[in-house]
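Encoded as structure tokens, the structure appears first; notes follow it.
Bear in mind these aren't lab numbers, they're just calculated from the coordinates by the rules spelled out. Values in this document were obtained by computation on a predicted structure and should not be read as measured data. Virtual Cβ from ideal backbone geometry, glycine too; neighbours counted across all protein chains shown.
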Amino acid sequence: MRMGQSNSFQFQRQEARKRVDQFGKVILVGSGKGGVGKSFVACAIALSLSEKRFRTGILDIDIHGASVPDYLGVRPPLKSTREGLVPKRSHGVKVMSVSLLIGDNPIPMRGIDKQELITQFLALTDWGRLDYLVVDLPPGTGDELLSAFDLFAGKSSLVLVTTPSRNAVTVVSRLRRLAETEKVPVEGVVLNMAYIDEGRTRRTSPFGRMSKKTLEAALDSTILSEIPLEPKVNSESLYKVLHGRNNTSVAFRRLVRRWTGEETRC
Ligand SMILES: Nc1ncnc2c1ncn2[C@@H]1O[C@H](COP(=O)(O)OP(=O)(O)OP(=O)(O)O)[C@@H](O)[C@H]1O
Ligand SMILES: [Mg+2]
């Protein structure tokens, strides 16, 4: 916490931490780099956990570019009860995004205000008990990210998302190092848009090809999963893609097993 923060902020932070106590595990999905598929990966992880009947929520803290509601097909307005704001539901996943609160309005906001907004948003949402909360982080290594590291401390680990382009990997390696400084455990890397399947035997790599060894060395992390460039992502619902017979759905089912094992919640 910073010097000079108000009593009301401290109260909100305590309330937010009470909510966090109700979560089994928090999976932060970040990159530092914009446009590499963080929101896509975060939503796919949440849907894949929910498919196994785990109580799952997703929190989108990308204040300036929220896209979780689009991927999961939810819209404002939010309702509230005495317990707080009621998350939207998408295929069993509880969904919360700042954009559900403010719609498409632009939000000019300084760092300290962002920290307060995210804290309040978490404190005011009636999540109930969750096995997993997935958090979609914005690009950059600014206040939203530092707030998330602080609010979920002790419960969270970070999944890094990158494409195989050198430029993306360089930016992601900065977040990797920041996570280490902030003592946030790193799960590993999801390599998104890694290849395009062209027939049964041919694969091309539109965003460059780095060997697994080079990539893992550059990010000092293990590659957990390689997700293809999936043309249907932009034309069908994500849920439909994840329930189709394709490499993307197989990759995400395998990925979530690192948290759930073979288990399905009864
Ligand atoms: N594996 C994929 N195959 C095809 N399209 C993809 C894939 N992953 C992401 N996309 C597309 O790339 C674009 C960017 O994805 P997304 O919004 O998830 O990235 P982001 O890293 O969250 O971006 P931002 O930094 O703006 O938050 C979207 O149009 C998305 O549908
Ligand atoms: Mg995003």
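Report the local net charge at E83: Lys and Arg +1, Asp and Glu -1, summed over other residues whose C-beta lies under 14 Å from its C-beta. After counting each charged neighbour, the total is +4. Relative to the current alpha-carbon distance between E236 and R202, full extension at 0.36 nm per residue lengthens the span by 9.8 nm. Other residues with beta-carbon under 9 Å from the beta-carbon of I61 carry, at +1 per Lys or Arg and -1 per Asp or Glu, a net charge of -3. Extension gain for the segment T214 to D126, taken as residue separation times 0.36 nm less the Cα-Cα distance, is 27.3 nm to one decimal. Using the Cα gyration tensor of the range 3-95, with a ≥ b ≥ c the square roots of its eigenvalues, what is the shape: rounded (a/c below 1.5), prolate (a/b larger than b/c) or oblate (neither)? Prolate, because a/c is 1.5 or more and a/b exceeds b/c. Based on DSSP H segments of at least four residues, each scored -39500 (n - 2.57), the chain has a per-residue ellipticity at 222 nm of -11500 deg cm²/dmol. Once each of the trypsin sites (Lys or Arg not before Pro) sitting in a DSSP loop with at most 12 other beta-carbon atoms within 10 Å is removed, the chain keeps 3-81 as its longest stretch. Result for the chain in a Gaussian network model with C-alpha springs under 10 Å: among F11, F252, F54, the largest mean-square fluctuation is at F11. Within the set of other residues whose C-beta is less than 10 Å from the C-beta of V190, count the net charge using Lys and Arg as +1 and Asp and Glu as -1. With Lys, Arg at +1 and Asp, Glu at -1, the net is -1. Relative to its residue count, the range 7-260 spans a Cα convex hull of 124 Å³ per residue. For R75 and A153, the difference between the fully extended length at 0.36 nm per residue and the C-alpha to C-alpha distance is 25.1 nm. Database remark: amide H of K52 closer than 5 angstrom to no amide H (H placed geometrically; neighbours at sequence offset of 5 or more, or on other chains; Pro and chain starts carry no H). Take every DSSP beta bridge whose two residues both sit in the range 7-260, then give the antiparallel share in percent to the nearest 5. If we restrict to bridges inside the range 7-260, about 25 percent are antiparallel.
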